[in-house]
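A quick write-up on the structure given underneath.
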Amino acid sequence: MRPYILAETNWKHIKDASFDVAILPWGACEAHNYHLPYATDIIESEHIAAEAARLAWEQGARLIVLPTIPFGVNTGQFDVKLDMNMNPSTQLLVLNDLIEVLNRQGIHKLIILNSHGGNEFKQMIRELGLRFPAMFITTCNWFQALEQSQFFENRDDHAGEMETSLMLYLRPDLVLPLSEAGDGAAKKFRFTAIREGWAWAERKWTQVTTSTGVGNPRKATREKGEKYFKAVTEKVAQFFVEVAKTKPEDFYA
Ligand SMILES: [Zn+2]
């Protein structure tokens, strides 16, 4: 029983415990090339949250990891079989209800640990911050915490070398042999502004990639996954510790 994982702990422990910050891992349930499980984003966020929380707990952070939300925004994958979409407006309602509980019970910091590129919480946090002024709500994308090129040869957008390596480390029993994987070849938008990153539009996934993957997974290994997992959880843990231990009046320097 890990005392910082809500789903594992119990009333005997919780009734007298106090926490500074709650962690909400948020995934998605979607196809990941031919070889990775639909739960890839769920598994990643759950493991990264748990390990980062363990490291932070050892440094004295009082934090509690909530159960992972398994559904993400998959509006662009509407025609990929059994990609389960949760609309942004529904996510706002889910967040509102969870934050209402935390706010009422005096846990005034929430970190969303996001695992899925289609999830965008910034605007929701602005609106919820107005509704719950005592709350400090923040979101982080673990997959952007480190420069991929330090660990991997091919850039991963979806189900490529990084995610495949991670899954080979975390749940190798759920990964098909790499010979079964598609090469992750994908098209990009034709528009210069979008390629430069200052304009944006949602990609229609099935027009971009046939395997559902974006990024070549062929060079993925368990060793790369382990090295990356250690580095990324240390970096995420540092954020957890800083948020847990910093008083609201000291947030700005
Ligand atoms: Zn993913």
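No value in this document is a laboratory result; all are computed from the given coordinates. Everything numeric here is computed off the predicted structure, so don't read it as measured data. Note: ideal-geometry Cβ built from the backbone for every residue, glycine included; neighbour counts use all protein chains shown.
Modelled spin-label separation between PHE191 and ALA145, with each label point placed 7 Å from Cα along the Cα-to-Cβ direction: 3.3 nm. Using R0 = 35 Å, the C-beta based FRET efficiency linking TYR34 and GLU120 works out to 0.80. The lysines whose alpha-carbon is closer than 16 Å to the alpha-carbon of LYS227, local same-chain residues fewer than 8 away aside, are LYS219, LYS235. Here LYS81 is the anchor, and the lysines within straight C-alpha reach of less than 23 Å, apart from those fewer than 8 places off in the same chain, are LYS187, LYS188, LYS204.
Figure the gain on full extension for ARG131 and LEU82 (residue separation times 0.36 nm, minus the Cα-Cα span) and round it to one decimal in nm.
Length difference between fully extended and current span is 14.2 nm.
If you run the Gaussian network model on the chain, springs between alpha carbon atoms under 10 Å, then out of ARG54, ARG126, ARG62 the most flexible one is ARG126.
Simple point charges give the picture: +1 on the Cβ of Lys and Arg, -1 on the Cβ of Asp and Glu, and for the chain a dipole about the Cα centre of about 220 debye. How would the range 22-63 be classified by its alpha-carbon gyration tensor: rounded, prolate or oblate, with rounded meaning a/c under 1.5 and the a/b versus b/c comparison settling the rest? Prolate is the answer for the range 22-63, as a/c is 1.5 or above and a/b outweighs b/c.
All other residues with a Cβ under 13 Å from the Cβ of LYS247 taken together, and with Lys, Arg as +1 and Asp, Glu as -1, what is their net charge? In short, -2. For the chain, the longest principal axis of the C-alpha atoms and the axis of helix 222-245 are separated by about 30°.
The residue list ALA253, PHE191, ASN33 was ranked by how far each Cα lies along the charge dipole of the chain toward its positive end, using unit charges on Cβ atoms, and ALA253 comes out on top. For LYS247, the aspartates and glutamates whose Cα comes closer than 15 Å to its Cα, not counting residues fewer than 8 places off in the same chain, are ASP20. Taking each residue as 0.36 nm, the span from THR9 to ASP173 lengthens on full extension beyond its C-alpha to C-alpha distance by 56.4 nm.
What whole-number distance in Å separates the alpha-carbon centres of the range 179-253 and the range 33-70? If we compute the Cα centre of each part, the gap is 15 Å. Is the shape of the chain best called rounded, prolate or oblate, per the rule: a/c under 1.5 gives rounded, else a/b larger than b/c gives prolate, else oblate, with a ≥ b ≥ c the square roots of the Cα gyration tensor eigenvalues? It comes out prolate by the Cα gyration axes.
Taking only the Cα atoms of the range 1-122, the ratio Rg/Rh comes out at 1.01, with Rh defined as the Kirkwood radius. What does the C-alpha gyration tensor say about the overall shape of the range 124-235? Classify as rounded when a/c is under 1.5, otherwise prolate if a/b is larger than b/c, or oblate. Oblate, because a/c is 1.5 or more while a/b does not exceed b/c.
Enumerate the residues in the range 126-153 having an amide nitrogen under 20 Å from the point lying 7 Å beyond the Cα of ASP250 toward its Cβ. The answer is 135-138.
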